[in-house]
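Enquirer: Dropping the structure in here first, questions after.
The values are calculated or read from the model by the stated rules, or taken from the named source; none is laboratory data. These numbers were taken from a predicted model, which means no experiment stands behind them. In this analysis, Cβ positions are derived from the backbone assuming ideal geometry, glycine residues included, and neighbour counts consider all displayed protein chains. Surface accessibility is based on the protein's heavy atoms, side chains included, excluding ligands, DNA and RNA. Shrake-Rupley method; radii C 1.70, N 1.55, O 1.52, S 1.80 Å.
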Amino acid sequence: MAEELRSSLGREALAPQWDPPQVDTTRPHPARIYDYLLGGKDNFPADRAAAQVALRALPELRAMARANRAFLGRAVRFLARAGIDQFLDLGSGVPGPGHTAQVVRAVAPGARVVLVDYDPIVVAHSMALVDGGAGTGASASADGGSGVGRLAVVQADVRDPQELLDRVRVREVLDFRRPVAVLMVALLHFVAEDEDAPGIVARFVREVSAGSAVVISHATDGGQPERSQAARRGWDQAASRLVARSAGQIEGLFAGVEPVAPGVVPLPLWRPDGPVTDDVGMIWLNGGVGFKREA
Ligand SMILES: C[S@@+](CC[C@H](N)C(=O)[O-])C[C@H]1O[C@@H](n2cnc3c(N)ncnc32)[C@H](O)[C@@H]1O
């Protein structure tokens, strides 16, 4: 019935069921623009319009979004197989196919995962992973039966790491005395030049114990600053603008950790599962995985 109504009114006519109150859906949001680029349905007309601005300048953006999701999967599987069983996913995004909790569960079903995002719609949608959709607050945790859950969703802004960490700690899902993988995948390019992205990473590295890992992917300008700038106009009206950083600046984000081979590289080159089929020069995202060693 709802589907009939939806098709008779047109796709834009009915807001998705999970649209929580007090969310301005007329303003594009990074998570929903990315969802649209990945072919998801959890986005609004404003997000699609913003994505179209970007796609007109850079049609390869869809391939870049897919390459980023694929990198996320490879990095999480690598860490889970290396024995990491705690994941703090900052800027977790709409939980579509290949999202962190899904990948972790497939490799390490007992692992603990905290999903953090500043977008209330992402948080609402992620709550569907917790208690099969129960719980409606801005943060909640799945009860694993012992009073402490294995999955929590937290609404927080990475630009205030202390507040974010306080909100995560109160969930009691992660044990910071043991190694934690901190994911900042396609997140830090939403941190402006004057908001100290390296300082934000350093704060999380300080918080975690030796043996912990950091996963970062980040946009570059692909050596084509004009096209990059034209594409990034898609995020000009968004909740956060998109900043491209140089390969050297992205490598600098790993200052407190030791990147594993092959280092900080264009994403398709980071431990590919098979022959690289992407046109590497057209994937304008670099990243890697680094471990915090003993002091
Ligand atoms: C491009 S999506 C990436 C999603 C996921 N990490 C992935 O790579 O598949 C970026 C995410 O970061 C979130 N984000 C952007 N700025 C943020 C901030 N300051 N604090 C928390 N989350 C933020 C957005 O809401 C969005 O969900």
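Enquirer: So for the pair R56, D160, with labels modelled 7 Å out along Cα→Cβ, what separation do we get in nm?
Expert: Computed distance between label sites R56 and D160 equals 3.7 nm.
Enquirer: Within segment 64-108, what residues put their amide N at less than 13 Å from the label point 7 Å along the Cα-to-Cβ vector of T277?
Expert: 67, by backbone N distance to the label point.
Enquirer: Where Lys and Arg each count +1 and Asp and Glu each count -1, what net charge lies around L253 among other residues with Cβ under 14 Å from its Cβ?
Expert: Net charge in that neighbourhood comes out at -2.
Enquirer: Which value in nm describes the separation of the simple spin-label points at A82 and A192, placed 7 Å from the Cα toward the beta carbon?
Expert: Computed distance between label sites A82 and A192 equals 3.4 nm.
Enquirer: Okay, moving on. When the accessible area of segment 61-291 is computed with all protein chains present and a 1.4 Å probe, what percentage of it is carbon and sulfur?
Expert: It is 50 percent, rounded to a whole number.
Enquirer: Please give the Cα centre distance for segment 182-238 versus segment 150-174, rounded to the nearest Å.
Expert: The distance from the Cα centre of segment 182-238 to that of segment 150-174 comes to 19 Å.
Enquirer: What are the DSSP H helices in the chain that stretch 20 Å or more along their long axis, judged by alpha-carbon atoms, and whose average Kyte-Doolittle hydropathy comes to at least 0.0?
Expert: 61-81
Enquirer: Averaged per residue, what accessible area in Å² does the chain show with a 1.4 Å probe, protein chains only?
Expert: Result: 45 Å² of accessible area for each residue.
Enquirer: For K41 and E258 in the same chain, what is the full-extension length gain: residue separation times 0.36 nm, less their Cα-Cα distance, in nm?
Expert: Here the answer is 74.4 nm.
Enquirer: Given the options G223, L188, V280, identify the residue whose Cα lies farthest towards the positive end of the charge dipole of segment 61-291 (+1 on Cβ of Lys, Arg; -1 on Cβ of Asp, Glu).
Expert: V280
Enquirer: Suppose each label sits 7 Å from its Cα in the direction of the beta carbon; what would the A295-R178 distance come out to in nanometres?
Expert: Here the answer is 2.3 nm between the modelled labels.
Enquirer: What is the sum of charges, Lys and Arg at +1 and Asp and Glu at -1, for the other residues whose Cβ falls under 12 Å from the Cβ of L61?
Expert: It works out to a net charge of +4.
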